[in-house]
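The values are calculated or read from the model by the stated rules, or taken from the named source; none is laboratory data. Bear in mind that the values here come from a model prediction, so they are computed numbers and not experimental data. Here the Cβ positions follow ideal geometry from the backbone for every residue, glycine too, while neighbour counts run over all protein chains shown.
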There are 2 protein chains.
Amino acid sequence: MDPVRAHHGHREGGRVHFPDLMPLADALPRLLDQIPVLDVEERPLLNAVGQTLAEDVVSTENVPPFPNSGMDGFAVRAVDTPGELRVVADQAAGHVTDVAVSRGTAIRIMTGAALPEGADAVVPVEDTDGSSGGSVRIHSSAAAGANVRQAGEDVRAGQLALPSGSLLSPAAIGLLASIGRPRVRVFRRPVVALLASGDELVGPDEALSPGKIRNSNSFTLEAQIRQAGGIPRNLGVARDNLDDIRRHVDEGLRADLLVTSAGVSVGDYDYMKQVLEERGELRLWRIAIRPGRPVAFGVFQGTPVISLPGNPVSSMVCFELFVRPAIAKMMGQGRLDPPTVEVTVLDRVDNRGGRRSFMRAIVERGENGYSARLTGPQGSGILTSMARANALLDIPAEMDEVSPGDALRAILLDWSALV
Amino acid sequence: MDPVRAHHGHREGGRVHFPDLMPLADALPRLLDQIPVLDVEERPLLNAVGQTLAEDVVSTENVPPFPNSGMDGFAVRAVDTPGELRVVADQAAGHVTDVAVSRGTAIRIMTGAALPEGADAVVPVEDTDGSSGGSVRIHSSAAAGANVRQAGEDVRAGQLALPSGSLLSPAAIGLLASIGRPRVRVFRRPVVALLASGDELVGPDEALSPGKIRNSNSFTLEAQIRQAGGIPRNLGVARDNLDDIRRHVDEGLRADLLVTSAGVSVGDYDYMKQVLEERGELRLWRIAIRPGRPVAFGVFQGTPVISLPGNPVSSMVCFELFVRPAIAKMMGQGRLDPPTVEVTVLDRVDNRGGRRSFMRAIVERGENGYSARLTGPQGSGILTSMARANALLDIPAEMDEVSPGDALRAILLDWSALV
C-alpha cells in the first residue's frame with residue numbers, strides 16, 4: 001500500500017478505518033510540496049516592506065556618488081594638520097563650492113557635503129577651536145582619508161546590492177532607495193480566504209440561544225493570517241448544509257489559499273469534507289499531534305485548501321504548523337520553519353498517547369537560559385491558556401512524560417520571551 | 001552642576017563644549033519618562049490586533065455556555081459502557097434535540113453539540129463500530145465526563161478573562177470573540193511624523209546632480225515606524241532653511257510623535273536644531289554609543305520630538321534604541337526592551353573609544369547556542385551591512401576589544417536567528 005494512502009481514512013462496510021496516525025514530519029513536506037510560490041509583482045518600495053525580493057538588484061550607481069564628509073568640520077589637506085588654517089569657503093551638503101583647498105587653507109564642511117577639490121581629510125569640529133573669524137585651529141594630526149566617505153564605499157555601480165530572495169527589511173528598503181530604485185519586483189502576498197463552518201456558531205455581537213456557541217476561529221484565523229503576511233478574505237461562517245458550504249468554498253477557491261475550520265473529521269455531518277471531495281482529491285490526514293489531529297489538504301482549480309480542526313486551540317496550533325509555512329512559501333521566503341528556542345521545562349507533563357504535543361507555555365529568560373511552564377489546562381477548547389501563552393512547547397511523541405529540568409524546544413508565538 | 005545639564009552641549013565664547021558623553025542607560029529613561037501613554041480608543045476586535053488592552057475584560061458569559069461534546073461520537077451514560085446501545089436521536093452542533101439519553105440508549109453527537117439530557121459522557125466514533133442500523137457497539141468503558149466540555153470550562157461568567165495591559169495576540173482576539181466582546185478598549189497607536197532634512201537629498205526616482213545624494217532615511221524610518229506599530233506620516237524632506245524647516249516641524253507637531261533625521265549635531269548649518277530650540281527646551285545629547293551619538297529630545301506643544309543623526313545606519317540604530325521603545329510606551333506596552341539573545345562572537349572586534357557599540361551582525365543558531373559574526377565594514381553610512389544583518393551586537397563601552405569566543409548580547413532585528 002502506498003505509504004501516503006496508508007494514512008488516509010477510508011470507509012469499508014460503513015466503518016471508518018484509520019490504519020495509523022501520520023507524523024507531522026511526513027505530512028508537512030507533502031503539503032508544502034504542493035504549495036506554489038506566487039507570481040511576481042512590481043511595487044513601490046514602501047508597499048513592499050516584509051515581502052521577498054524576486055530579482056537580483058544590481059546597482060547602477062555608486063553610493064555615495066562622490067567622496068563626502070562623514071562629519072561636520074573642516075575639509076583640509078592632512079599634511080597641514082595640526083595647525084592654524086585659513087577658512088576660505090563653506091561647503092554645505094547639497095551644494096558645490098568652486099573654491100579648492102590649498103596649502104594652509106580649510107573649507108568648513110557639513111556632513112554629507114562633497115569633499116572639495118584639494119582636500120583629502122575632514123577634521124571634526126570637536127577637534128578644533130570651532131573657528132573664530134577667518135581661521136581655525138586644528139588640534140591634532142589628521143590621517144589622509146579621515147572622516148571621508150569614499151565614492152562607492154557602500155555600493156559600487158555594477159555591484160549586486162541585494163540578491164533575489166532577500167526579505168525586504170527596513171534596511172533593505174533604505175538600501176534600495178539609496179541606489180535609486182523606487183520600485184521593486186517582489187513575490188506577491190497571498191490572498192487567504194478563511195471559512196468557519198457550523199450551525200452552532202454565532203458572532204460576538206449576536207445573542208446566544210440554546211445550542212449556540214460563539215465563533216472565535218474566524219477571529220483567530222484572520223489575525224493569524226495577517227500576522228503571517230497574508231491578506232485575509234474573511235468569508236464568515238458556512239452553515240451545515242451542502243449548498244451553503246458549496247457556495248462559500250467556491251468563493252474561497254478564487255483566493256490564493258483557502259483555509260477552512262471544522263468539518264473534516266470522521267463525523268457524518270462533515271459536509272465540508274463532502275464538498276471538498278466533490279472538487280478533487282482531498283487528502284484526509286490524522287496527524288500524530290496534540291492538539292490537532294484531523295487536517296485535510298487538497299488543491300482544487302489550482303487553489304490549495306487547508307482544512308483545520310474546529311476546536312479553537314487545535315485550529316490555532318495547526319495554523320502555526322501548516323498554514324504559516326504555506327503562506328511563507330507562497331511569499332517566496334526561504335526559511336519556513338517557526339522560530340524556536342531551547343527551554344528547560346519547569347513542570348511535569350503527561351504525554352502518554354504516542355503523539356507529538358504542542359503545549360501552551362510561557363517561556364521566560366532566566367540566569368541559565370530559557371524556562372518553560374505550561375499555562376494551565378491544555379484542553380483543545382481552552383483559549384484562555386492559549387491567550388496566556390507566548391510559546392508552544394514541542395514534546396516528542398516518544399516522550400511519555402516530561403520531567404522538570406528536561407530540555408526541549410519551544411516555538412515562539414511572539415517576542416516576549418526574549419525581552 | 002545638574003548631572004543632566006552636564007551632558008548638554010553649550011556655547012561659550014563661540015566654542016562648543018560637550019563636557020562628556022552620556023551613557024545610553026542614562027539617556028533612555030530620561031527620554032521615556034517624558035513619553036506619554038496615549039489615550040484609549042474603542043475598536044472592533046480585528047482592528048485591534050497588536051494593540052494593548054486598556055481595560056480589565058470580565059466575561060459576562062460562560063465559555064462554553066453549556067456542557068458539550070469534545071468529539072464526534074455518541075452521548076451515553078458512562079455506566080452503560082461498554083456494550084451495545086440503541087441510537088435514539090442525532091444531536092448536531094447548533095441544534096437541540098428534545099430526546100434524552102436513558103438506560104441502554106445513546107444519541108449520536110457532533111463536536112460542539114450540547115450534551116443531551118441524561119448523558120454524562122461522549123464515546124468517540126473511533127471507539128465504536130460506527131453505528132450500523134439503529135444501534136452502536138461501544139468497545140470500551142467510558143468514564144463519566146469523558147470528552148465532555150463542561151460549561152464555563154474555558155471562562156466562567158464573572159471571571160477576569162484578560163487583564164488590562166494584555167497584548168492583543170490572535171489568541172487574545174479569539175478569546176474576546178468567544179466571550180461575546182465585539183469591540184474592545186485599547187491604547188491608541190501613535191501617529192508618528194517623520195521628517196528628513198537636507199539640501200542634498202533627492203528621492204530614488206529623481207536625477208542625481210552634483211553634490212546630491214539619495215534620501216534613504218525617509219524610507220528606513222517609515223518602514224521602522226510601521227514595524228514598531230506606529231502609523232507613519234511621512235513629511236518628506238525639509239530643505240536647509242529656517243522657513244522650510246519651521247513649516248515642516250509645525251506640521252509634524254500635530255502628530256503624536258515627531259521623528260526628525262539630521263540637523264542636530266554641532267554644525268552651524270543645523271537649522272533643525274535652531275527651529276526646535278525656538279519651540280522650547282531641546283535636550284541635545286551626545287550619547288556614548290557607536291554608531292549614533294548626537295540625539296536631541298524635547299516636548300513641544302505636548303508632542304515629543306526625537307531628532308536622530310543623519311547617517312543612514314546611525315539613524316536606524318538610534319531608532320531601535322530610542323524611538324521603538326517610545327512607540328511601545330505610547331501604545332501602553334509594558335515591556336520596552338528590545339528582544340535579545342546571548343551570542344558567542346566569532347570575530348575579533350576593535351572597540352576602542354570608550355563607547356558602547358551596536359555592530360551589525362548575523363546571528364545564527366549552532367550546536368552550542370547562538371553565534372554572531374559582523375556583516376562587514378561598520379561605517380555609519382554603510383547601509384549594505386545593515387541590510388545583511390539580522391542583529392545588532394551590543395558591545396559594552398568598557399570592552400576595548402572583543403575576541404573570538406567572547407559571550408555578548410545581540411538585539412534581534414528579525415526572527416531569522418531563531419529559525
Margin query: Residues that are modelled with pLDDT under 95, within 13 Å of chain B (Cβ to nearest Cβ), over 28 Å from A:ASP350 (Cβ atoms) and not in a helix (DSSP H, G or I): does the range A:278-299 have at least one?
Written below: no
Next item on the list: Could you check A:ALA93 against (1) more than 27 Å from A:LEU160 (Cα to Cα); (2) of a type in the set (Gly, Ala, Ser); (3) more than 8 Å from chain B (Cβ to nearest Cβ) and say which number it fails?
Entry: (3)
Notebook entry, point to check: Consider A:ILE382 against the criteria (1) of a type outside the set (D, E, K, R); (2) at the interface with another protein chain (Cβ under 10 Å from one of its Cβ atoms); (3) in contact (Cβ under 8 Å) with a residue 24 or more places away in the chain; (4) surrounded by fewer than 23 Cβ atoms within 10 Å (Cβ to Cβ): it satisfies all of them except one. Which criterion is unmet?
Noted result: (4)
Check: Inside the range A:30-47, can you point out the residues that are without any contact (Cβ under 8 Å) to a residue 12 or more places away in the chain and either under 14 Å from A:VAL191 (Cβ atoms) or in the same structural domain as A:ARG324 (by TED's automatic domain parsing) (or both)?
Finding: A:ASP33
Margin query: Can you pull out every residue in the range A:385-419 that is at the interface with chain B (Cβ under 7 Å from one of its Cβ atoms) and among the hydroxyl-bearing types (Ser, Thr, Tyr)?
Written below: A:SER416
Next item on the list: Answer with yes or no whether B:GLY130 is small (Gly, Ala, Ser), in a loop (DSSP other than H, G, I, E, B), assigned by TED's automatic domain parsing to the domain that holds B:VAL96 and more than 20 Å from A:GLN378 (Cα to Cα).
Entry: yes
Next item on the list: Could you check how many residues of the range B:92-113 are surrounded by fewer than 24 Cβ atoms within 10 Å (Cβ to Cβ) and closer than 30 Å to A:VAL202 by Cα?
Entry: 9
Notebook entry, point to check: Out of (1) of a type in the set (A, V, I, L, M); (2) buried (at least 20 other Cβ atoms within 10 Å of the Cβ); (3) touching an Asp or Glu at 6+ places or on another chain (Cβ under 8 Å), the odd one out for A:ALA78 is which?
Noted result: (2)
Next item on the list: Might you let me know whether the range B:248-263 holds any residue that is under 22 Å from B:ARG293 (Cα atoms), crowded, with 22+ Cβ neighbours inside 10 Å, among the hydroxyl-bearing types (Ser, Thr, Tyr) and modelled with pLDDT under 95?
Entry: yes
Notebook entry, point to check: Looking at (1) in a strand (DSSP E or B); (2) farther than 26 Å from B:GLY165 by Cα; (3) in contact with a strand residue (DSSP E or B) (Cβ under 6 Å, 6 or more places away or on another chain), which is the only condition A:VAL341 fails?
Noted result: (2)
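Residues checked against (1) surrounded by 22 or more Cβ atoms within 10 Å (Cβ to Cβ); (2) closer than 27 Å to B:VAL419 by Cβ; (3) aliphatic (A, V, I, L, M):
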{"position": "B:THR303", "(1), (2), (3)": "no, no, no"}
{"position": "B:LEU308", "(1), (2), (3)": "yes, no, yes"}
{"position": "B:MET316", "(1), (2), (3)": "yes, yes, yes"}
{"position": "B:PRO325", "(1), (2), (3)": "no, yes, no"}
{"position": "B:VAL343", "(1), (2), (3)": "yes, yes, yes"}
{"position": "B:ILE362", "(1), (2), (3)": "no, yes, yes"}
{"position": "B:TYR370", "(1), (2), (3)": "no, yes, no"}
{"position": "B:LEU374", "(1), (2), (3)": "no, yes, yes"}
Margin query: Within the range A:53-68, does at least one residue satisfy the condition of being closer than 30 Å to A:ALA326 by Cβ, within 14 Å of another protein chain (Cβ to nearest Cβ) and hydrophobic (A, V, I, L, M, F, W, C)?
Written below: yes
